[in-house]
Amino acid sequence: MLFQSLRDQMLRQLISCDGAKCMADLVDILQKEMESGIPSPIPDWYTFSTAPSGGKIGYDRCSNWLGKCCRTE
């Protein structure tokens with residue numbers, strides 16, 4: 001549960017978690033970013049868009065419990 005929580009937070013911050021399978025992998029990703037002083041590149045899957053007033057920017061997991069995304073494009 002902690003792994004998923006940290007992964008979700010990193011994705012909201014647009015930090016790619018590709019290949020991360022455990023907490024140590026996520027920590028390594030964050031540590032490398034901190035040591036380099038260079039932010040991670042924005043993930044390929046992210047599309048920039050303007051957020052409506054009060055909207056959120058970044059990735060947010062769909063909360064639909066059926067496992068299908070409830071958002072429309």
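Bear in mind that the values in this text are calculations on the coordinates, not laboratory data. Predicted model, so just to flag it, every value in this text is computed and none were measured. Positions of Cβ are generated from backbone atoms using ideal geometry, with glycine treated the same way; all protein chains shown enter the neighbour counts.
Descriptive notes on the structure:
- Net charge over other residues, Cβ less than 11 angstrom from the Cβ of Phe3 (K, R count +1; D, E count -1): 0
- A straight chain from Glu33 to Lys21 at 0.36 nm per residue would run longer than the Cα-Cα distance by 2.5 nm.
- Judged by the mean number of other Cβ atoms found within 10 Å, the most tightly packed of the peptides 24-32, 7-15, 40-48 leads the ranking 7-15, 24-32, 40-48.
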